[in-house]
1. Among the numbered criteria (1) among the charged types (D, E, K, R); (2) surrounded by 14 or more Cβ atoms within 10 Å (Cβ to Cβ); (3) more than 21 Å from Q263 (Cβ to Cβ), which one does D21 miss?
2. For T217, all conditions in the list (1) outside any loop (DSSP other than H, G, I, E, B); (2) surrounded by 15 or more Cβ atoms within 10 Å (Cβ to Cβ) hold save one; what is the number of the exception?
3. Identify, by number, the condition in (1) of a type in the set (A, V, I, L, M, F, W, C); (2) touching a residue at least 12 places away in the same chain (Cβ under 8 Å); (3) assigned to a helix (DSSP H, G or I) that I17 doesn't meet.
4. Does region 24-32 include one or more residues that are at pLDDT 95 or above and in a helix (DSSP H, G or I)?
5. Output yes when any residue across region 57-66 is touching an Asp or Glu at 6+ places or on another chain (Cβ under 8 Å), at pLDDT 95 or above and closer than 30 Å to A15 by Cα, and no when none is.
6. For a quick check of your reading of the model, give me the residue pairs whose first member lies in region 34-58 and is among the polar types (S, T, N, Q), whose second is surrounded by 11 or more Cβ atoms within 10 Å (Cβ to Cβ) and assigned to a helix (DSSP H, G or I), with beta-carbon atoms closer than 6 Å and at least 6 apart or on different chains.
Amino acid sequence: MHSKDAQLRSRHILACIWDFDKTLIPGYMQGPLFTAYNIDEESFWKEVNKLPELYAKKGIHVSKDTVYLNHLLSYVKNGPLKGLSNKRLLELGGSIQFCLGLPEFFDNLKGYAQEAGERLNLEIDLEHYIISTGLAEMIRGSKIAPHVEGIFGCEFIEQPLPPHYVHQDELALSDSGEISQIGVMVDNTIKTRFIFEINKGSNKNAAIDVNAVVASTDRRVPFENMIYIADGPSDVPVFSVVKKGGGIAYAVYNEESEAEFRQNDQLHQAGRVHGYGPNDFRKNNFTPRWLRKRVDDMVDRIAREQEYLLTSRVSKPPRHLHRDDEDSARKYTGPSQGALFPE
């Protein structure tokens, strides 16, 4: 079976695209932030979970995925997180604790893909990306950051530009050192936008708009070369986009949680994901082995496609005609009274 959108390429890019919270780390990345500022994490999230209902009573609709961002800003404005800056978020990212086997597994899988390609005379590059509803600056400060190609997440502005700033010759803006506005908001639907950025290559080339029409054959990372790994139902929009495009959807869970295991199993039974396993990335555990097998499958498919394309698109060389060929040509009178072609 060969993809109709396959193209002869000298280099092939595979992409592992990761959720963050409860996928690469056991819990939520904001933990170190709450610890540093002596804030009760459980109380904060209880408040966040109540906000959509409370605002709805006032006739205000808010996103359940990202309402926590405004609540963080309320904590900054009202004191508990006073002075919180992007620089501080970056520093706190260094305290994030990752699942077993990380970040080593990221580089190991890159090397594995490259070697798999070399065995079949292919140039294969595997890239890792993180798309999270969490805080991009904390991810950038974490130990996983040097091992990924790109990070997409929520971001804050510290010093917003004032009204009529375009009419000022000089902007007397001081670095307040405190976050005050949301710069980028990522929810589980917006995540699909970043999937298309990776697919089309607009994350690498600013001249390519994510909404531009780009032929399938010209896209930097074909969907069938993608693996999306996340922890649960909130990632169904991305699972669906990747799976529909021919890529792989994989769910992970904490081995200590029976509820998470059952949740992943339901996703699998419903056909939302191709497989699921523990978020333990040590070399010989199930999830690394499963992902390596999918990389093998992708490389094998690419090799078959390239061989098929090469043989089907390269014309046969001309050959010398013999007398028998000439005699056969003379004897052929065609469909219309000896004419070679119909008039």
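1. Failing condition for D21: (3).
2. Of everything listed in (1) outside any loop (DSSP other than H, G, I, E, B); (2) surrounded by 15 or more Cβ atoms within 10 Å (Cβ to Cβ), T217 misses just condition (2).
3. (3)
4. yes
5. No.
6. No pair meets every condition.
For (1) acidic (D, E); (2) within 22 Å of G153 (Cα to Cα); (3) touching a Phe, Trp or Tyr at 6+ places or on another chain (Cβ under 7 Å); (4) surrounded by 15 or more Cβ atoms within 10 Å (Cβ to Cβ), each residue gets a yes or a no:
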{"residue": "H12", "(1), (2), (3), (4)": "no, no, no, yes"}
{"residue": "T35", "(1), (2), (3), (4)": "no, yes, no, no"}
{"residue": "N38", "(1), (2), (3), (4)": "no, no, no, no"}
{"residue": "G59", "(1), (2), (3), (4)": "no, no, no, no"}
{"residue": "L73", "(1), (2), (3), (4)": "no, yes, no, yes"}
{"residue": "V76", "(1), (2), (3), (4)": "no, yes, no, yes"}
{"residue": "L89", "(1), (2), (3), (4)": "no, yes, no, yes"}
{"residue": "G111", "(1), (2), (3), (4)": "no, no, no, no"}
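For every residue, the table says whether it meets (1) surrounded by fewer than 19 Cβ atoms within 10 Å (Cβ to Cβ); (2) over 21 Å from the mean Cα position of the chain (by Cα); (3) modelled with pLDDT of 95 or more; (4) within 16 Å of D21 (Cα to Cα).
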{"position": "I131", "(1), (2), (3), (4)": "no, no, yes, yes"}
{"position": "E137", "(1), (2), (3), (4)": "no, no, yes, yes"}
{"position": "G141", "(1), (2), (3), (4)": "no, no, yes, yes"}
{"position": "D169", "(1), (2), (3), (4)": "yes, yes, no, no"}
{"position": "S174", "(1), (2), (3), (4)": "yes, yes, no, no"}
{"position": "I182", "(1), (2), (3), (4)": "yes, yes, yes, no"}
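The values are calculated or read from the model by the stated rules, or taken from the named source; none is laboratory data. This is a predicted model, so every value here is computed, not measured. Cβ: placed from backbone, ideal geometry, glycine included. Neighbour counts: every protein chain shown.
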